[in-house]
Amino acid sequence: KENAASGTYNGILINSESKDGSVTLNTLSMDIKGDVGASALVRYSLIPTKTRGAMHFDTVAANLNSGSRAGLSKDGYQKISFTNQQLGIPENNLISNILIAQPPGKKSGKLLVDDVKVNMAPVRKAMETLFFEVENGSPTGPAGALLSAEEKQTKAALGPTSLTITNGTSSTITVWATLPTVCTGSSNCILSVTDIFPTMTCVSGGCFQGSQSLAGNTSITYAPVGTPAAIEGLLVSFNAAPNCAVTVAEATLNNNSQSIPNFKAQETTDVSIVNGNNASIQIALDRGKGAKWAANYGYLPYKKPFQNYSGSNLNFPGVFPFLCTNCTASLSPPPCGTLTEGCNTPCSSTGKAFKNCPQVCTFQRDANKTGGTVTMTYLGAPQPPPNILR
């Protein structure tokens with residue numbers, strides 16, 4: 001369509017054909033003609049592994065101009081290709097869909113796309129042209145728009161979110177922190193744990209992982225100022241690095257740099273026993289001046305600190321149960337056990353009523369409305385659940 005209304009855009013949507021609706025992307029290529037300022041938006045999650053359990057969806061945006069180019073074809077098409085690294089996606093990814101969107105600010109013109117290949121294999125299905133509307137969209141386009149002056153002012157007034165790790169026992173323990181080895185393509189994020197906790201010692205493979213001793217009943221705190229780089233996908237564990245049998249607390253904080261107009265980033269935090277359950281970890285959320293935290297698409301507001309207990313932890317707020325990589329289902333489970341109970345009811349990502357399909361495994365809020373402190377407290381060995389939760 002020509003002269004599309006503000007907030008509406010033409011695009012091409014490419015969905016995965018795999019059985020579980022996802023595929024690992026190593027390369028993406030296509031022939032394009034016309035507005036080469038268009039963008040590729042890729043929605044993905046991380047493959048559950050021994051060191052990373054729960055699946056958290058993310059979106060990256062890459063301008064097609066930033067890809068590797070080959071020569072023009074006889075009919076004027078330009079070959080554009082990306083590796084997963086060029087897109088800013090880690091190797092252990094699961095792709096759910098790819099959207100080719102019009103260039104920012106364009107309301108007319110043509111973009112022709114042909115010979116789309118994922119991992120050198122042709123996309124066989126006929127591609128549908130999608131005319132989509134962006135919530136609160138504007139002429140800045142569906143990808144890569146900067147924060148408005150009002151959003152910047154609001155974020156500055158609220159202040160960033162802090163992170164505190166506490167040893168709630170009387171014994172000295174070892175705290176481990178692990179970060180992804182890449183940032184998402186649209187983000188400005190931290191890649192060294194010493195930029196969060198300077199007292200940590202990095203592992204020999206790099207500062208994406210580190211540890212330190214923490215005496216009984218003491219804490220370490222990350223209290224950023226200004227507009228800090230994002231903490232994306234941080235894993236915190238105790239007395240062992242993330243692996244099979246290890247409980248982790250997860251957090252993504254101060255990550256508004258991930259936002260694009262049709263994908264508003266969310267701060268998130270949870271406890272995951274997807275790979276095992278060796279410790280009880282409690283998470284307390286102080287919102288400060290920021291937005292309220294909630295689970296299950298906002299139906300379940302945060303009211304009090306939450307934690308994992310011994311057992312399966314099915315339907316415990318803020319906790320990913322054992323082998324439940326997608327909260328209520330086990331999609332591409334990690335090699336840390338055999339699923340024997342529960343965790344077998346996939347829910348729609350578009351949201352359902354809490355009673356019909358509870359998605360309570362993580363608490364989140366708008367990443368543009370930060371503030372307060374996320375406190376993760378080690379409580380020792382897994383505790384039996386109170387009667388009210390049994």
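The values are calculated or read from the model by the stated rules, or taken from the named source; none is laboratory data. Since this is a predicted model, take the numbers as computed values, not measurements. Cβ atoms come from the backbone with ideal geometry, glycine included; neighbour counts cover every protein chain shown. Side chains are part of the model used for accessible areas, which takes the heavy atoms of the whole protein and leaves out ligands, DNA and RNA. Shrake-Rupley method; radii C 1.70, N 1.55, O 1.52, S 1.80 Å.
Filtered by the rule that a residue be surrounded by 15 or more Cβ atoms within 10 Å (Cβ to Cβ) and in contact with a Leu (Cβ under 9 Å, 6 or more places away or on another chain), region 198-209 gives C207, F208, Q209.
Here is a yes/no grid of residues against (1) among the charged types (D, E, K, R); (2) open to solvent by 10 Å² or more (accessible area, probe 1.4 Å); (3) farther than 20 Å from C244 by Cα:
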{"site": "V271", "(1), (2), (3)": "no, no, no"}
{"site": "S280", "(1), (2), (3)": "no, no, no"}
{"site": "N296", "(1), (2), (3)": "no, no, yes"}
{"site": "P301", "(1), (2), (3)": "no, yes, yes"}
{"site": "P305", "(1), (2), (3)": "no, yes, yes"}
{"site": "Y309", "(1), (2), (3)": "no, yes, no"}
{"site": "P321", "(1), (2), (3)": "no, no, no"}
{"site": "T325", "(1), (2), (3)": "no, no, no"}
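For A381, the requirement of being more than 30 Å from V225 (Cα to Cα) and modelled with pLDDT of 70 or more is met. Counting only residues that are free of Cβ contacts under 8 Å to residues at least 60 places away in the same chain, open to solvent by 20 Å² or more (accessible area, probe 1.4 Å) and in a helix (DSSP H, G or I), region 47-85 holds 2 of them. Assessment of region 286-294 against the conditions (part of a loop (DSSP other than H, G, I, E, B), crowded, with 24+ Cβ neighbours inside 10 Å and at pLDDT below 95) yields no matching residue. Going by what's in this entry, would I98 be described as modelled with pLDDT of 80 or more, part of a strand (DSSP E or B) and either within 17 Å of T27 (Cβ to Cβ) or not polar (S, T, N, Q) (or both)? For I98, the condition - modelled with pLDDT of 80 or more, part of a strand (DSSP E or B) and either within 17 Å of T27 (Cβ to Cβ) or not polar (S, T, N, Q) (or both) - is met. Only one of these conditions is not met by T247: (1) within 23 Å of A294 (Cα to Cα); (2) surrounded by fewer than 24 Cβ atoms within 10 Å (Cβ to Cβ). Which number is it? Every condition holds for T247 apart from (2).
When you look at V360, is it in a loop (DSSP other than H, G, I, E, B) and either in contact with a strand residue (DSSP E or B) (Cβ under 8 Å, 6 or more places away or on another chain) or modelled with pLDDT of 90 or more (or both), yes or no? Judged against the criteria, V360 is a match.
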